[in-house]
Structures are given as C-alpha cells and as structure tokens.
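Enquirer: First the structure, which I've put down as structure tokens, then a few questions once you've had a look.
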Amino acid sequence: MKADEIELTPEFVRQVADLYHDMEAAYDRTAKELDFSCSGCPDNCCDSFFLHHTYTEWAYLWHGLKALDDNLLSAIIEKASDYIIESEASLAKGERPIIMCPLNSEGRCALYLYRMMICRLHGVPAAFTKPDGQQLHFPGCFRCQEHNSTTNSLAPLDRTRFFQRLVNLEIELLGEKRPTAPRVKLTIAQMIMKGPPILP
C-alpha cells in the first residue's frame with residue numbers, strides 16, 4: 001500500500017490558524033484577569049518536556065518548517081537530533097528531560113506562528129472536561145501560582161472547546177484513514193526528525 005505525505009489545503013491551514021488565534025486570545029484574557037505576565041521570568045517554558053498527539057499539529061508544524069530558509073532549517077534539524085539523544089538518556093535514567101526545544105533560537109521560538117497548542121495554553125490555570133465528564137484541573141506554572149494566591153477563586157481557562165475543535169480538525173484531516181492511522185505520541189524534536197507525517 002502506498003504511503004502518502006499529508007497535504008494541507010489552504011482552507012485547512014486557515015482553520016488551524018484560526019484555532020491557534022482563539023487559543024492565544026483566551027490565554028491573554030485569562031492572564032489579564034490574573035494580572036500575570038511572563039515578562040522577567042527566570043525560567044523558560046521551552047525546556048518543558050511535552051508530548052504531542054495529533055497529525056494536525058504535526059503537519060501544521062511542518063507547514064511552517066518548509067517556509068524557513070535552508071540554513072535555519074538545517075540548524076533546527078541538528079538541534080532536534082541532539083534533543084532526542086539527550087532526552088532518551090534522561091528518560092532511561094527515570095528522569096524527566098529538561099532540554100531546550102530545538103525551535104528555540106536565542107530565547108525566542110523560530111516558528112512562533114506555528115507553535116503547538118500546549119505552547120499557547122501552558123502557564124495560566126486551566127481546566128479540561130473529558131468526554132466521559134471527568135474534569136481535569138491545571139494550577140498553572142510555578143510563577144503564576146506564586147504571582148497570584150487567589151488563582152483558584154478565578155475562572156480558569158477552559159481548554160475543552162479548543163481540544164474539541166482540534167479533534168474535529170483531526171477527523172477531517174485523516175478522513176477514512178483515521179481508524180488505521182498509528183497513534184501520535186511525539187516530542188517536537190521527534191516530529192522534526194521524522195519529517196512531515198505520512199500515512200499508509
């Protein structure tokens with residue numbers, strides 16, 4: 001069976017961009033209510049270890065990577081290779097990796113417009129309702145918790161609607177191949193090294 005690289009239509013790209021824009025707006029509203037800012041933080045969230053789970057974000061990431069000049073893309077691929085080696089060593093020792101994301105360049109994301117969902121929502125208090133009705137709560141990053149001790153009395157950012165929209169995009173993207181598509185459980189570095197997603 002022939003394997004095909006996932007190709008994004010202009011309309012699909014617009015839908016993902018709209019979703020990301022709405023996430024960013026929701027984050028900004030929550031941060032404003034908390035009077036919270038990342039400015040001056042001694043930490044950098046880009047060294048947090050996250051796994052990502054959709055072909056949609058993987059393909060959109062590569063949509064952005066393909067627009068980079070060759071030198072920058074080569075540098076990112078080299079850093080991604082190093083990241084995988086270092087993270088596997090940490091995981092083998094039972095440690096959670098603390099390694100700078102290969103997209104980080106001099107403290108800033110080289111692919112900022114295409115950054116993942118978690119990169120946009122991490123930091124402020126949040127909640128998520130699973131399909132079975134179970135609610136999950138996230139207190140926010142350490143600095144946000146220290147910044148505002150009244151966090152729990154304020155409405156957290158509700159991630160549910162954003163996950164639902166991402167799931168709908170995933171269903172649209174994979175179509176009839178969705179039931180047989182291998183599950184995605186990858187770091188950004190692994191997505192970079194594997195190249196654009198391909199489905200059998």
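The values are calculated or read from the model by the stated rules, or taken from the named source; none is laboratory data. If you're wondering where the values come from, they're calculated on a predicted model, not measured in any experiment. Every residue, glycine as well, gets a Cβ built from its backbone with ideal geometry; the counts of neighbours run over all protein chains shown.
Enquirer: Would you be able to say whether some residue in the range 176-185 is in contact (Cβ under 8 Å) with a residue 40 or more places away in the chain and either part of a helix (DSSP H, G or I) or surrounded by 14 or more Cβ atoms within 10 Å (Cβ to Cβ) (or both)?
Expert: Yes, the range 176-185 contains at least one residue that is in contact (Cβ under 8 Å) with a residue 40 or more places away in the chain and either part of a helix (DSSP H, G or I) or surrounded by 14 or more Cβ atoms within 10 Å (Cβ to Cβ) (or both).
Enquirer: Do we have any residue at all in the range 142-153 that's among the aromatic types (Phe, Trp, Tyr), surrounded by fewer than 18 Cβ atoms within 10 Å (Cβ to Cβ) and part of a strand (DSSP E or B)?
Expert: Among the residues of the range 142-153, not one is among the aromatic types (Phe, Trp, Tyr), surrounded by fewer than 18 Cβ atoms within 10 Å (Cβ to Cβ) and part of a strand (DSSP E or B), which makes the answer no.
Enquirer: Which of (1) surrounded by 15 or more Cβ atoms within 10 Å (Cβ to Cβ); (2) modelled with pLDDT under 95; (3) touching a Ser or Thr at 6+ places or on another chain (Cβ under 7 Å) does LEU173 not meet, given it meets every other one?
Expert: For LEU173, the failing item is (2).
Enquirer: Sticking with this structure for a sec: Go through (1) farther than 20 Å from GLN190 by Cα; (2) assigned to a helix (DSSP H, G or I) one by one and return the number of the condition ASP43 breaks.
Expert: The single condition ASP43 does not satisfy is (2).
Enquirer: List every residue pair whose Cβ atoms lie under 7 Å apart, where the two residues are 6 or more positions apart in sequence or sit on different chains, the first residue falls within the range 92-118 and is in contact (Cβ under 8 Å) with a residue 12 or more places away in the chain, and the second residue, located anywhere, is part of a helix (DSSP H, G or I) and of a type in the set (Lys, Arg).
Expert: PRO102/LYS79
Enquirer: I'd like to verify a number: residues in the range 52-78 that are under 18 Å from the mean Cα position of the chain (by Cα) and part of a helix (DSSP H, G or I), how many?
Expert: Residues in the range 52-78 being under 18 Å from the mean Cα position of the chain (by Cα) and part of a helix (DSSP H, G or I): 13 in total.
Enquirer: How about the range 5-36: which of its residues are over 17 Å from the mean Cα position of the chain (by Cα) and more than 16 Å from LEU121 (Cβ to Cβ)?
Expert: GLU5, ILE6, GLU7, LEU8, THR9, PRO10, GLU11, PHE12, ARG14, ASP35 - these are the residues of the range 5-36 that are over 17 Å from the mean Cα position of the chain (by Cα) and more than 16 Å from LEU121 (Cβ to Cβ).
Enquirer: Name the single residue that is modelled with the lowest pLDDT among those in the range 41-80 being of a type in the set (Gly, Ala, Ser) and either surrounded by 14 or more Cβ atoms within 10 Å (Cβ to Cβ) or in contact with a His (Cβ under 7 Å, 6 or more places away or on another chain) (or both).
Expert: SER48
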